[in-house]
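Here's the structure we're looking at; comments come further down.
The values are calculated or read from the model by the stated rules, or taken from the named source; none is laboratory data. This is a predicted model, so every value here is computed, not measured. Here Cβ is always computed from backbone atoms with ideal geometry, including for glycine, and neighbour counts include all displayed protein chains. SASA here: full protein model, heavy atoms, side chains in, ligands and nucleic acids out. Shrake-Rupley method; radii C 1.70, N 1.55, O 1.52, S 1.80 Å.
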Amino acid sequence: MSEMATKNKETRGFQSEVKQLLNLMVHSLYSNKEIFLRELISNASDASDKLRFRALSNPELYQGDGDLKVKLSFDKITNTLTVSDNGIGMSRNDVIEHLGTIAKSGTSEFFSNLSEEQSKNSQLIGQFGVGFYSAFIVADSVTVRTRSGLSSNNGVEWHSSGEGEYTIENIIKESRGTDVILHMREEGKEFLNEWRLREVISKYSDHISIPVCMMTKVKDKKGQETEKTEWEQINKAQALWTRNKSDIKEEEYKEFYKHVSHDFSDPMLWSHNRVEGKNDYTSLLYIPSKAPWDMMNREHKSGLKLYVQRVFIMDDAKQLIPAYLRFVRGLIDSNDLPLNVSREILQDNKVTQSLRSACTKRILALLENLANNDAEKYQKFWQEFGMVMKEGPAEDLVNKEKIAGLLRFSSTKSDSSKQTVGFLSYIDRMKEGQDKIYYLTADNYVTAKSSPHLEQFHAKGIEVILMVNRIDEWLMNHLTEFNGKKFQSITKSGLDLSQFDDKTKQEKHKETEEEFKSVIERIKEYLGDRVKEVRITFKLATTPAVVVTDDFEMGTQMSKLLESAGQEVPKVKYIFEINPKNELVKCMADEPDERIFSYWVEVLLGQAMLTERGSIEDPSKFLVAINTLIVKT
Ligand code: ADP
Ligand code: MG
């Protein structure tokens with residue numbers, strides 16, 4: 001670009017979400033003003049990380065401007081506070097993209113779902129992350145002067161008073177990096193004070209790996225301030241994860257979490273480990289306390305940063321963590337990977353694999369420990385992340401058993417839809433002689449709880465796990481046993497509880513089977529291939545009939561899941577089971593007229609289908625049958 005080029009000044013509007021965010025922020029973070037400094041220092045540190053990385057392959061980027069640093073200065077006369085870095089900087093397009101829009105996926109959904117009430121709640125904005133725009137909590141206007149690349153002609157100036165518009169123009173900028181200049185409002189003036197700034201900087205930036213400096217007055221030999229000034233380093237400037245665990249305070253871990261995760265709330269728990277030997281790495285892994293709103297999206301970014309020998313390499317290091325743990329935040333610093341490692345190299349690399357499996361083990365162990373020692377907190381974890389954990393057994397065969405141990409469901413043991421029962425505690429409560437883990441999948445808790453399939457379990461006092469999430473049946477396709485106990489769906493034909501019956505009962509059942517033989521034949525003849533099989537069952541108490549599927553056939557929930565995903569699904573062939581003790585069934589058995597008999601069959605089968613699938617294939621046929629029978633009696 002030539003010196004004569006126009007300044008290209010233009011005024012642009014913020015994306016509407018930015019306006020909402022700004023509004024939300026100024027209102028909800030009013031009492032927590034100082035976090036703007038954390039966010040700006042965090043951005044400056046990120047920008048320095050990025051420059052260091054870029055300079056690995058392009059060393060002249062480092063040229064001039066000296067070591068990476070963040071500098072803070074203020075001026076009481078102009079009422080400004082300036083946060084400067086000599087990091088990667090931004091181009092004009094970067095500025096428009098990063099300081100004019102919110103690029104995070106799902107943002108607009110997030111805002112359109114906010115109610116008036118919620119938008120006053122600071123927890124919510126916490127979930128969202130505040131970032132650069134938090135400057136407007138204390139400033140009534142903000143100027144950003146930034147430059148990316150080597151040429152001083154590449155400078156860009158952005159200015160806004162945070163009310164819907166900003167201006168952007170090209171400038172000459174001699175130094176590398178970014179200056180963020182805050183024009184303080186009345187309420188922000190407390191930060192134009194050395195001691196206040198010192199306090200906030202040490203609170204929020206000890207863990208930042210580059211120096212954060214402030215312009216201070218040089219002291220003479222007697223300790224008196226002189227008129228000379230110098231840049232004084234305020235923070236420790238040692239990357240937190242490189243320090244000894246025992247020297248790191250809980251607060252520091254929490255602050256560092258907010259820096260790496262761009263989250264606003266405290267983490268739920270974390271695990272910090274240094275490993276030497278065959279593999280040489282440090283990991284610092286956090287579990288957030290809240291799920292991000294777009295967590296169910298499997299394309300959701302991974303929250304892991306990769307460092308190699310302390311140098312930041314990349315965000316979103318998906319290769320280092322399985323998708324079902326995509327809620328984990330933090331970093332891995334490896335001494336085994338090359339500095340020029342790329343996503344492609346990570347893809348199939350021995351080191352990647354061992355890092356991934358080590359991180360996975362750490363997280364699972366952390367969760368196991370939580371589940372064993374703090375059930376209440378684990379329950380909170382489960383509410384936030386349980387749905388993602390359920391993807392685990394299908395994705396991670398090696399750790400299947402471990403993950404299964406972490407799963408939680410509702411069960412017939414309690415009267416609550418809360419998912420609190422794990423397979424281990426279920427096994428502890430198993431009845432004598434019981435060798436299977438019984439479960440039922442259904443559309444929702446109410447349907448599950450009132451399922452006729454549960455009748456005999458209630459009668460025999462056997463607990464059944466109730467699985468009511470969409471993903472559960474799919475999950476159970478990947479779990480066959482846990483702790484040596486097989487899983488058994490109670491809506492499958494292989495279910496056999498006769499072991500819990502005594503001898504005389506079993507003989508009686510045989511007799512009844514004989515008695516009903518001809519009725520069964522009549523039903524079969526009438527239904528033909530509409531069902532797979534017809535038989536009597538002794539497992540029902542009051543319900544006249546149910547349908548079940550063969551063990552190896554697709555179950556109801558699975559077929560509904562696929563159907564709702566628009567897939568063509570072969571019709572489920574059900575086995576029709578009737579309860580010989582039931583009055584309606586007895587009426588049917590005694591009916592000589594074949595036409596009336598067929599109405600009985602329609603009614604019983606229709607009812608069974610309704611409880612199983614929530615729908616029947618030919619409702620009018622079903623209604624004709626009911627109406628005819630009502631009139632007749
Ligand atoms: P986040 O840090 O979570 O990405 P922010 O709102 O804090 O969100 O910042 C938005 C983006 O603006 C950053 O991702 C970065 O690309 C850019 N940015 C902000 N501050 C700086 C800076 N000092 N230097 C370079 N880029 C910056
Ligand atoms: Mg940020």
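How many residues does the range 185-220 hold that are more than 13 Å from residue 37 (Cβ to Cβ), in contact (Cβ under 8 Å) with a residue 24 or more places away in the chain and open to solvent by 60 Å² or more (accessible area, probe 1.4 Å)? Going through the range 185-220 one residue at a time, the tally reaches 4.
One line per residue, one yes/no per condition, for (1) surrounded by 20 or more Cβ atoms within 10 Å (Cβ to Cβ); (2) over 14 Å from the mean Cα position of the chain (by Cα); (3) not charged (D, E, K, R):
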residue: 317; (1), (2), (3): yes, yes, yes
residue: 320; (1), (2), (3): yes, yes, yes
residue: 329; (1), (2), (3): yes, no, no
residue: 345; (1), (2), (3): no, yes, yes
residue: 376; (1), (2), (3): no, yes, no
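From the residues in the range 472-512 that are under 13 Å from residue 434 (Cβ atoms) and basic (Lys, Arg), which one is surrounded by the most Cβ atoms within 10 Å (Cβ to Cβ)? The extreme case among them is 485. Checking each residue in the range 246-262 for being open to solvent by 20 Å² or more (accessible area, probe 1.4 Å), in a loop (DSSP other than H, G, I, E, B) and in contact (Cβ under 8 Å) with a residue 12 or more places away in the chain picks out only 262.
Taking helices (runs of 4 or more DSSP H) that do not extend beyond the range 1-101, which have at least 1 residues that are more than 16 Å from ligand 1 (Cβ to nearest atom) and modelled with pLDDT under 85? Write out each step before concluding.
On the way: elements: 16-28, 35-57, 92-100.
Passing ranges, in order: 16-28.
Does residue 538 count as open to solvent by 30 Å² or more (accessible area, probe 1.4 Å) and either touching a residue at least 40 places away in the same chain (Cβ under 8 Å) or farther than 30 Å from residue 424 by Cα (or both)?
Working: open to solvent by 30 Å² or more (accessible area, probe 1.4 Å): yes; either touching a residue at least 40 places away in the same chain (Cβ under 8 Å) or farther than 30 Å from residue 424 by Cα (or both): yes.
Here the answer is yes, as residue 538 does meet what is asked.
Restricted to helices (runs of 4 or more DSSP H) entirely inside the range 344-400, those with at least 3 residues that are in contact (Cβ under 8 Å) with a residue 60 or more places away in the chain and of a type in the set (A, V, I, L, M, F, W, C) are 350-373, 375-389.
Given 403, 427, which one is more than 25 Å from residue 289 (Cα to Cα), in contact with a Phe, Trp or Tyr (Cβ under 9 Å, 6 or more places away or on another chain) and part of a helix (DSSP H, G or I)? Write out each step before concluding.
Working: 403 fails: more than 25 Å from residue 289 (Cα to Cα).
Selected residue: 427, the only one of 403, 427 that is more than 25 Å from residue 289 (Cα to Cα), in contact with a Phe, Trp or Tyr (Cβ under 9 Å, 6 or more places away or on another chain) and part of a helix (DSSP H, G or I).
Test residue 94 against the stated conditions and say whether it is of a type in the set (Asp, Glu), open to solvent by 40 Å² or more (accessible area, probe 1.4 Å) and away from ligand 2 (no atom under 16 Å from the Cβ). Against the criterion (of a type in the set (Asp, Glu), open to solvent by 40 Å² or more (accessible area, probe 1.4 Å) and away from ligand 2 (no atom under 16 Å from the Cβ)), residue 94 does not qualify. When the range 263-288 is filtered for residues that are surrounded by fewer than 19 Cβ atoms within 10 Å (Cβ to Cβ) and either part of a loop (DSSP other than H, G, I, E, B) or within 15 Å of ligand 1 (Cβ to nearest atom) (or both), the ones remaining, listed by number, are 265, 266, 276, 277, 278, 279, 280. Evaluation of residue 412 against the conditions (1) under 30 Å from residue 605 (Cβ atoms); (2) out of contact with any helix residue (DSSP H, G or I) (no Cβ under 7 Å at 6 or more places or on another chain); (3) open to solvent by 10 Å² or more (accessible area, probe 1.4 Å) shows that the sole unmet condition is (2).
Any residue at all in the range 112-131 that is among the acidic types (Asp, Glu), at pLDDT below 95 and either within 14 Å of ligand 2 (Cβ to nearest atom) or under 21 Å from residue 27 (Cβ atoms) (or both)?
Kept after step one, since they are among the acidic types (Asp, Glu), are these residues of the range 112-131: 116-117.
Cutting the leftovers down to at pLDDT below 95 gives us 116-117.
Cutting the leftovers down to either within 14 Å of ligand 2 (Cβ to nearest atom) or under 21 Å from residue 27 (Cβ atoms) (or both) gives us 116-117.
Yes, the range 112-131 contains at least one residue that is among the acidic types (Asp, Glu), at pLDDT below 95 and either within 14 Å of ligand 2 (Cβ to nearest atom) or under 21 Å from residue 27 (Cβ atoms) (or both).
Taken over the range 289-310, the criterion of being surrounded by fewer than 21 Cβ atoms within 10 Å (Cβ to Cβ) and touching a Lys or Arg at 6+ places or on another chain (Cβ under 6 Å) is satisfied by 300, 302. When residue 266 is tested against (1) out of contact with any strand residue (DSSP E or B) (no Cβ under 8 Å at 6 or more places or on another chain); (2) in contact (Cβ under 8 Å) with a residue 24 or more places away in the chain, exactly one condition is not met: (2). Screening the range 541-569 for residues that are open to solvent by 70 Å² or more (accessible area, probe 1.4 Å) and either of a type in the set (Asp, Glu) or under 27 Å from residue 600 (Cα atoms) (or both) and picking the one that is nearest to the chain's Cα centre (by Cα) gives 563.
Within the range 174-184, the residues that satisfy the criterion of being modelled with pLDDT of 95 or more and either open to solvent by 30 Å² or more (accessible area, probe 1.4 Å) or within 16 Å of ligand 1 (Cβ to nearest atom) (or both) are 177, 178, 179, 180, 181, 182, 183. Within the range 4-57, being of a type in the set (Ser, Thr, Tyr) and surrounded by 21 or more Cβ atoms within 10 Å (Cβ to Cβ) holds for 42, 45, 48. Take the conditions (1) crowded, with 16+ Cβ neighbours inside 10 Å; (2) closer than 14 Å to residue 147 by Cα; (3) touching a residue at least 60 places away in the same chain (Cβ under 8 Å); residue 64 misses just one of them, which is (1).
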